[in-house]
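Before any comments, here is the structure.
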Amino acid sequence: MEFVEINILVLLLLFIHELGHVTMAKILGLPIQSIGFQLRPYPHFYVSVKWPRVNWEKYLYLFSGTFITVSLFCISIYNEFFHITQLYWAFVIQLIIETNPFYSDFTIAIVSRNKPNNKERSFPENYKLQFKKYKFTLKWYVHFMIWTIIILLLIKFKNTLL
């Protein structure tokens, strides 16, 4: 039963994360093209907007979801909600998903800095093309190491929390 509860909480956190993107898109005046759920590369909700032309708007939009998740994580620590073990592990899973070097808002931010060769390509095609150039580079390895450190710190934090 604990497994089911954790998965429900992860889906709730994913949904709240996407609400952060929707809110920021509205604040920035970015037209929302679609909101939905997809299974690739892992099950998750998504928000598709008309991509901002200015980098600072892109970064605000991309990191608004993570800001919401980290804020909720801090609120949960402050209010001592982590006596509910399932909630803690749901946050750990969510933060691992959000910061991973394979597909996350962080990789989208890094990869989308490169200008696509062909503006006619769809976002997934452009992402795959640019990610191939990014994967296994020094930046990717740094990202991977930071991600690994985040995972280890979250696990260690839970052990000190008990």
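The values are calculated or read from the model by the stated rules, or taken from the named source; none is laboratory data. Just so it is clear, the model here is predicted, and its values are computed rather than measured. Cβ placement follows ideal geometry from the backbone for every residue including glycine, while neighbour counts extend to all protein chains displayed. In case anyone asks, the SASA skips ligands and DNA or RNA and just uses the protein heavy atoms, side chains included. Shrake-Rupley method; radii C 1.70, N 1.55, O 1.52, S 1.80 Å.
Go through 32-41, 134-143, 55-64 and give me the packing order, highest mean Cβ count within 10 Å leading.
On the way: 32-41: 10.4, 134-143: 13.5, 55-64: 17.3.
Most protected by this proxy first, the peptides run 55-64, 134-143, 32-41.
Could you pull the accessible area for W89 with a 1.4 Å probe, rounded to 10 Å²?
About 80 Å², ignoring ligands and nucleic acids.
Longer than 21 Å from Cα to Cα, which of K26/K50; K26/K58; K58/K128; K50/K128 are they? Say none if no pair is.
Numbers: K26/K50 12 Å; K26/K58 13 Å; K58/K128 19 Å; K50/K128 19 Å.
In this structure, no pair lies more than 21 Å apart at Cα.
Any idea what angle helix 2-28 forms with the longest principal axis of the chain, computed on alpha-carbon atoms, 0 to 90 degrees, nearest 10?
That works out to roughly 40 degrees.
What's the long-distance tail for the chain, i.e. % of Cα pairs beyond 27 Å? Present the calculation step by step, with values, prior to reporting the outcome.
Details: 3621 of 13041 pairs.
In whole percent, the share of Cα-Cα pairs in the chain beyond 27 Å is 28.
Mean residue ellipticity at 222 nm from the helices of the chain, using -39,500 (n - 2.57) per DSSP H segment of n ≥ 4 over the full residue count, to the nearest 500 deg cm²/dmol? Present the calculation step by step, with values, prior to reporting the outcome.
Numbers: 6 runs with 109 residues, N = 162.
Using -39500 (n - 2.57) per qualifying helix, the result is -23000 deg cm²/dmol.
Roughly how many Å² is the accessible area per residue of the chain, as a whole number, for a 1.4 Å probe?
Values: 10210 Å² over 162 residues.
Per-residue accessible area for the chain comes out at 63 Å².
I'd like the orientation of helix 123-134 relative to the chain: the angle between its Cα long axis and the longest Cα principal axis, in ° from 0 to 90, rounded to 10.
For helix 123-134, the angle is close to 80 degrees.
What is the helix-to-structure angle for 55-78, meaning the angle in degrees between its Cα long axis and the longest Cα principal axis of the chain, kept from 0 to 90 and rounded to the nearest 10?
Taking Cα atoms only, the helix is inclined about 0 degrees.
Ignoring ligands, DNA and RNA, what percent of the 1.4 Å accessible area of the chain is carbon and sulfur?
69
How would you order 93-99, 81-87 from highest to lowest mean count of nearby Cβ atoms within 10 Å? Let's see the in-between values first.
On the way: 93-99: 19.0, 81-87: 15.0.
In descending order of packing, they fall as 93-99, 81-87.
How much net charge surrounds E98 when only other residues with a Cβ under 12 Å from its Cβ are counted (Lys, Arg +1; Asp, Glu -1)?
Numbers: positive: none; negative: E18, D105.
Every neighbour counted, the sum reads -2.
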